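Only the coordinates and a few stated rules stand behind these numbers; no lab work does. Just so you know, these numbers come straight off a predicted model, no measurement behind them. No Cβ is skipped: glycine too gets one built from the backbone with ideal geometry, and neighbour counts run over all protein chains shown.
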Amino acid sequence: MIKIAITGNIAAGKSAAENFLSEQGYTVTDTDEITHFLLKKSSVKEKIYLCFKGYDIFNENGEIDRKKLGKIVFNNSGLLKQLEKIVHPAVIEEINKFFDRNKNKELVFVSVPLLYETNMTYLFDKVIIICADDEIRKKRLTEKRGFSLDEAESRMNSQMPQEEKIKSADFVIYNNSDLNNFSNQLDRVIKGITNL
């Protein structure tokens, strides 16, 4: 089994890569979805509740409101670090379970937006980074996801610069133009990995 991480900064195109790989029949998981699942688990929820006592982070159903939580931690690096200490070990545990469930597959993919920031590279054999120009990413965040310009910039600035990540990645795919061009690049990379 070859374990492949897909990473890239916010609005670069990781979801498009995941969709393409799923359509091609590959096994893909996403640490954002894993985190979403973990935030509903009572053990993780309890730790977050204790950490964020006094902050309004729950919705009317008693579930953690990810948008509210996001607004708080993206403007407070100390709280972000505390949240990561709770969530990241649990995410790593879930990734290892995913590998175990799919040990008979030739290739498996995990989308990890914060691969380098969380020092998770050791879990993978290969790293594909999806990149897009900052202005394009900003436009996607404001026009497609409804962020204000300040929110978009705050999210973008909270991540390690793309240029730093590119230095450590095995493959770089640029997502500045159309989906067809992007899919072709991804297809070439996958073929390259399977022919290693």
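Summary table below
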{"item": "Within a Gaussian network of the chain (alpha carbon springs, distance under 10 Å), most fluctuating of 40, 144, 71", "result": "144"}
{"item": "Within the chain, percent of DSSP bridges classed antiparallel, to nearest 5", "result": "5"}
{"item": "Residue-averaged 222 nm ellipticity for the chain, from DSSP H runs of 4+ at -39500 (n - 2.57), nearest 500", "result": "-15500 deg cm²/dmol"}
{"item": "Size of the chain as Cα extents on the principal axes (Å, biggest first)", "result": "53, 39, 29"}
{"item": "Cα-based shape type of the range 60-142, given that a ≥ b ≥ c are square roots of the gyration tensor eigenvalues and the cut on a/c is 1.5", "result": "oblate"}
{"item": "Selected from 173, 57, 128 as most flexible by GNM, with the chain as the system and alpha-carbon contacts under 10 Å", "result": "57"}
{"item": "Pairs beyond 31 Å (Cα-Cα), from 40/105; 41/138; 71/139", "result": "41/138"}
{"item": "Spin-label zone in the range 101-123 - amide nitrogen under 19 Å from a point set 7 Å from the Cα of residue 92 along the C-beta vector", "result": "101, 110-123"}
